[in-house]
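Have a look at the structure below before the remarks.
The values are calculated or read from the model by the stated rules, or taken from the named source; none is laboratory data. All figures in this text were calculated on a predicted structure; none of them were measured in a lab. Every residue, glycine as well, gets a Cβ built from its backbone with ideal geometry; the counts of neighbours run over all protein chains shown. For the accessible areas, the whole protein counts, side chains as well, though only heavy atoms, and no ligand, DNA or RNA atoms are used. Shrake-Rupley method; radii C 1.70, N 1.55, O 1.52, S 1.80 Å.
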Amino acid sequence: MQRAIIPQIGAAAAWRDAARRFLAAGVPPGQIAWGDQSAVPDLFARDTPLPVGIAPTVPRSFVTMARTVVWHSDPERFARLYAFLWRLRAGPQLMADRGDLDLARLRKMEKNVRRCQHKMKAFVRFREIGAPDAARRSFAAWFEPTHHTVEPTADFFVGRFNDMDWRIVTPDVSAVFENGTLSFHKGMAKPDLPDDASEQLWVTYFRNIFNPARLKVKAMQSEMPKKYWKNMPEAAAIPDLIAQAPARAQAMAEAAPTLPPTRMPQVQAQLASCTSAWDGPEGALPGAIAACTRCPLYRTATQAVPGEGPPDADLMIVGEQPGDLEDLSGKPFIGPAGQLFDRVATVAGLDRREAYVTNAVKHFKFTARGKRRIHQRPNTSEIDHCRWWLDAEVAQIAPKLILAMGATAVESLTGKGGGILSRRGQIERSLSGLPVLITVHPSYLLRLQDSQAKASTTALFQNDLRQAASLL
C-alpha cells in the first residue's frame with residue numbers, strides 16, 4: 001500500500017505529480033492511501049520507492065477538471081480523481097460519457113468549487129488596516145469558504161487590487177499580498193478588523209438599488225447564502241427590506257402611470273380612417289374632392305365626380321363610383337345605369353331632383369380594352385380612402401335616409417359589402433348611425449341577360465325605391 005499525503009497549500013501541483021508517478025509505475029487505485037495533512041495515517045501505507053516509468057497521455061479536459069476538483073472539501077477527492085484517471089488509460093472517451101457515474105460525481109464537485117470561487121469574488125469585504133501615512137494602503141478581509149478556494153481564487157484579487165497590500169484571512173488558508181508578492185499561509189483565527197466608514201455608504205447604496213417589486217427570497221438566498229451575511233455590511237438591511245417589500249411594491253404600482261394597450265395606436269389609426277376629418281366650408285367641398293389625391297385612382301380618371309342635389313335633401317342616394325360618361329362629364333348618374341334609375345324611380349314615386357345623389361368612390365376605376373374603358377370595382381383600400389369625402393357629404397347634407405345601391409356603397413356606409421341580395425330592402429345603420437336602406441345598383445339590372453329574372457329583379461328594385469319614398 002502506497003501513501004500519498006497532499007499538502008494543503010499547493011495541492012493541485014502535488015496531486016498532479018503524485019498521480020503521474022503512480023500512473024507511470026502502474027499502481028492501481030486500491031493500492032494507494034490518499035489524504036491531506038489532516039488525514040489519519042494508514043497503518044499499512046508505506047512510502048515505498050516506485051519504479052520509474054512513462055505516464056500515459058490523458059485528455060486535456062480531465063486535466064482542467066482535476067485542477068478544480070482538488071480544491072473540493074471532500075476528503076475522498078484525491079482518490080476519486082486518481083480512480084477515474086486510472087480508468088481513462090483504457091477509455092479516453094469516458095470524458096464524454098454523460099452516463100458515467102464517477103464522471104458525474106467529479107463534474108458536480110467541479111461545479112461546487114467554481115460556485116464557491118464565485119461567492120468568494122462577490123462576498124469578500126476588505127477593511128483598511130494600514131497607517132494613513134504608509135506608502136501603500138493595506139486592507140484585510142475575513143472569509144469562510146465552503147471549499148479550499150483561497151489559493152485558486154487569489155489571482156482574481158491580485159488583478160483587481162494590485163496597487164495595495166491586502167490579506168484574505170480564512171480558517172483554511174490565508175492569502176497575503178504585500179509589495180506585489182502573493183503568498184499563502186495556514187488558516188488563522190478571525191482578526192479584529194476595524195469599522196469602515198464607507199460601509200454605511202455601501203448600505204445606503206444597497207437599500208436604494210433594492211427593487212421590492214422583483215423580490216424573490218429563495219432566489220436571493222440561493223445567490224447570497226445566509227452563511228456569508230455576517231461578514232457583509234449590507235446584509236443587515238436585508239430583513240427590513242424584505243419586510244417592507246409588499247407595501248413598497250404596492251405603492252410603486254399605485255404610483256406608476258397607466259399605459260395604453262400596445263394595440264391602441266392601430267385601433268386609433270383604424271378609427272381615424274373611418275372618420276372624415278374634412279371640415280371646410282360647404283361651398284369648398286366639390287373643389288376639395290376635385291383636388292383629391294388620397295388614392296391612386298386620380299391618376300387615370302378624367303376628373304373627380306362630387307355629388308349634387310339640394311343641400312337640405314332628406315334623402316341621399318349613394319351609388320358605387322362614376323361610370324365612363326360620369327367621368328367625362330363630371331356629373332353623377334347620367335350614364336345608362338342613371339337613366340334606368342330615373343325610369344324606375346319615376347314609377348316608384350321617387351323624385352330624384354329632391355335627393356342628393358353621389359357615389360361612394362369619386363374617381364372612375366377602369367381597365368382599358370381597346371377604345372373602351374371597362375368598369376372595375378374599387379377595392380377596400382380605395383373605398384376607405386374615399387369615405388373621407390362621403391362622410392363630409394353626409395355631414396353637410398344630414399339626410400334622414402340614405403339609399404345605398406350596390407356593394408361598394410353598402411360597404412362604405414355600413415363597413416361590410418357582402419350579401420347584398422339577402423340584405424336588400426332592409427334598413428341598417430351606417431357607421432355614423434344614420435338609417436341606410438340597402439338595394440342593388442341599377443347597373444346590376446343592366447347586366448342581367450334573362451328577361452324574366454331582369455323583370456322580377458327590377459320589380460324588387462322598384463319596391464325598394466318606393467319604400468325609400470314612403471319613409472321620407
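Scanning the range 151-171 for residues that are of a type outside the set (D, E, K, R), assigned to a loop (DSSP other than H, G, I, E, B) and open to solvent by 10 Å² or more (accessible area, probe 1.4 Å) turns up Phe161, Asn162, Met164, Pro171.
Only a single item in (1) free of Cβ contacts under 8 Å to residues at least 12 places away in the same chain; (2) in a loop (DSSP other than H, G, I, E, B); (3) open to solvent by less than 80 Å² (accessible area, probe 1.4 Å); (4) within 30 Å of Leu81 (Cβ to Cβ) is not met by Glu144, and it is number (1). Scanning the range 373-387 for residues that are surrounded by fewer than 22 Cβ atoms within 10 Å (Cβ to Cβ) and over 37 Å from the mean Cα position of the chain (by Cα), which turns out nearest to Thr302 (Cα to Cα)? This residue is Arg373. For the range 399-427, the set of residues classified as surrounded by fewer than 16 Cβ atoms within 10 Å (Cβ to Cβ) and free of Cβ contacts under 8 Å to residues at least 60 places away in the same chain consists of Lys416, Gly418, Gly419, Leu421, Ser422, Gly425, Gln426, Ile427, listed by residue number. Based on this model, can you work out whether Ala235 counts as free of Cβ contacts under 8 Å to residues at least 12 places away in the same chain, surrounded by 15 or more Cβ atoms within 10 Å (Cβ to Cβ) and under 34 Å from the mean Cα position of the chain (by Cα)? Judged against the criteria, Ala235 is a match. Which of the residues that make up the range 428-472 are open to solvent by 30 Å² or more (accessible area, probe 1.4 Å), closer than 20 Å to Glu393 by Cα and polar (S, T, N, Q)? If the condition is that a residue be open to solvent by 30 Å² or more (accessible area, probe 1.4 Å), closer than 20 Å to Glu393 by Cα and polar (S, T, N, Q), then Ser432 is the only one that fits. For the range 238-277, residues that are in contact with a Phe, Trp or Tyr (Cβ under 8 Å, 6 or more places away or on another chain), at pLDDT below 85 and surrounded by 10 or more Cβ atoms within 10 Å (Cβ to Cβ) total 1.
What are the residues in the range 289-341 that are within 15 Å of Gly406 (Cβ to Cβ), charged (D, E, K, R) and part of a helix (DSSP H, G or I), if any? Residue satisfying the conditions is Glu326 alone.
From Asp342, Asp324, Asp351, Asp314, grab the single residue that is open to solvent by 50 Å² or more (accessible area, probe 1.4 Å), of a type in the set (Asp, Glu) and farther than 21 Å from Asn463 by Cβ.
Only one candidate qualifies: Asp324.
Within the range 415-439, which residues are hydrophobic (A, V, I, L, M, F, W, C) and not in a loop (DSSP other than H, G, I, E, B)? Those that are hydrophobic (A, V, I, L, M, F, W, C) and not in a loop (DSSP other than H, G, I, E, B): Ile420, Leu421, Ile427, Val436, Leu437, Ile438. When the range 172-199 is limited to residues that are open to solvent by less than 40 Å² (accessible area, probe 1.4 Å), under 48 Å from the mean Cα position of the chain (by Cα) and small (Gly, Ala, Ser), the one that is farthest from Ser138 (Cα to Cα) turns out to be Ser174. Taken over the range 369-397, the criterion of being free of Cβ contacts under 8 Å to residues at least 24 places away in the same chain and either on the phi > 0 side of the Ramachandran plot or in a loop (DSSP other than H, G, I, E, B) (or both) is satisfied by Gly370, Lys371, Gln376, Asn379.
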